[in-house]
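A.B. asks: A single structure is presented below for examination.
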Amino acid sequence: MHEEDAGDERERTGALLDQCAVCGICGQPCRHEDATPDEPASYRCPSDCQPAITAADLEKRVGQAVIGRLYTPAGLARMAAAEQLLHQLGYELPQPVALSLPHAVRQWTRDFDQDTRKAVVRDWLLAVVLNPPRSRHEDAELFFAWRRPRDGI
Ligand SMILES: [Zn+2]
């Protein structure tokens, strides 16, 4: 999104949503902050327009949204066909293609490493805009700007 930040050292951290999470109030990219003894890792607007969002919660919600977008019935069928073709050609994928949406969620949560997750997120998601929760009992509101239209279902 911001080419001038390509060499930034944050780029090399494990943050899933660097340069992708945007503050819905001021429009600036939110920064990933590593965990401290008192606080979990989080994403924070550099102008502090809204409370920081716990990184684990935000990354989980974004992961679920990306997976729901990618693993549609049509997407699953196409990936299974591609896997079968590759198998016939003698190629084995590092991870088997998910058989269902719940299987995809398990792969995302347990099997994919952070680089794989980042690649999938960057491939599909232009930005996730964070807006503060409407009440203390709600989560932050997320607006997703996708790179591609939704797959045919
Ligand atoms: Zn802001």
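The values are calculated or read from the model by the stated rules, or taken from the named source; none is laboratory data. Since the model is a prediction, treat every value here as computed from it, not as a measurement. Cβ: placed from backbone, ideal geometry, glycine included. Neighbour counts: every protein chain shown. In case anyone asks, the SASA skips ligands and DNA or RNA and just uses the protein heavy atoms, side chains included. Shrake-Rupley method; radii C 1.70, N 1.55, O 1.52, S 1.80 Å.
A.B. asks: Considering (1) free of Cβ contacts under 8 Å to residues at least 24 places away in the same chain; (2) in contact with a helix residue (DSSP H, G or I) (Cβ under 6 Å, 6 or more places away or on another chain), say which one Glu92 fails and leave the rest.
C.D. replies: Going through (1) free of Cβ contacts under 8 Å to residues at least 24 places away in the same chain; (2) in contact with a helix residue (DSSP H, G or I) (Cβ under 6 Å, 6 or more places away or on another chain) one by one, Glu92 breaks only (2).
A.B. asks: Oh, and also: Given the options Ala98, Ala81, Ala104, name the one that is small (Gly, Ala, Ser) and either touching a residue at least 40 places away in the same chain (Cβ under 8 Å) or open to solvent by 40 Å² or more (accessible area, probe 1.4 Å) (or both). I'd like the intermediate steps shown before the answer.
C.D. replies: Values: Ala98 fails: either touching a residue at least 40 places away in the same chain (Cβ under 8 Å) or open to solvent by 40 Å² or more (accessible area, probe 1.4 Å) (or both); Ala104 fails: either touching a residue at least 40 places away in the same chain (Cβ under 8 Å) or open to solvent by 40 Å² or more (accessible area, probe 1.4 Å) (or both).
Going through Ala98, Ala81, Ala104 in turn, the sole match is Ala81.
A.B. asks: Condition test on Leu142, is it touching a strand residue (DSSP E or B) at 6+ places or on another chain (Cβ under 6 Å) and within 30 Å of Gln50 (Cβ to Cβ)? So that I can check it myself, show each step before the final result.
C.D. replies: On the way: touching a strand residue (DSSP E or B) at 6+ places or on another chain (Cβ under 6 Å): yes; within 30 Å of Gln50 (Cβ to Cβ): yes.
Yes; evaluated as a whole, the condition is true for this residue.
A.B. asks: If you don't mind, another one. So if I check each of Thr116, Thr72, which one is β-branched (Val, Ile, Thr), over 30 Å from Ile25 (Cβ atoms) and free of Cβ contacts under 8 Å to residues at least 60 places away in the same chain? Before the answer, list the steps.
C.D. replies: Details: Thr72 fails: free of Cβ contacts under 8 Å to residues at least 60 places away in the same chain.
Within the list Thr116, Thr72, the selection yields Thr116.
A.B. asks: Within the stretch 23-62, how many residues are more than 16 Å from the ligand (Cβ to nearest atom), not in a helix (DSSP H, G or I) and not polar (S, T, N, Q)? It would help to see each step written out before you state the result.
C.D. replies: As a first pass, look at the stretch 23-62 and keep what is more than 16 Å from the ligand (Cβ to nearest atom): 34-41, 54-57, 59-62.
From what is left, the residues that are not in a helix (DSSP H, G or I) are 34-41, 54.
Still in the list and also not polar (S, T, N, Q): 34-35, 37-41.
Result for the stretch 23-62: 7.
A.B. asks: For Asp151, work out the one condition from (1) of a type outside the set (A, V, I, L, M); (2) more than 12 Å from the chain's Cα centre (by Cα); (3) on the phi < 0 side of the Ramachandran plot; (4) at pLDDT 90 or above it doesn't fulfil.
C.D. replies: So the condition that Asp151 fails would be (4).
A.B. asks: Run Thr13 past the list (1) at pLDDT 90 or above; (2) open to solvent by 40 Å² or more (accessible area, probe 1.4 Å); (3) more than 30 Å from Arg150 (Cβ to Cβ) and report the number of the one that doesn't hold.
C.D. replies: Only one criterion in (1) at pLDDT 90 or above; (2) open to solvent by 40 Å² or more (accessible area, probe 1.4 Å); (3) more than 30 Å from Arg150 (Cβ to Cβ) is unmet by Thr13, namely (1).
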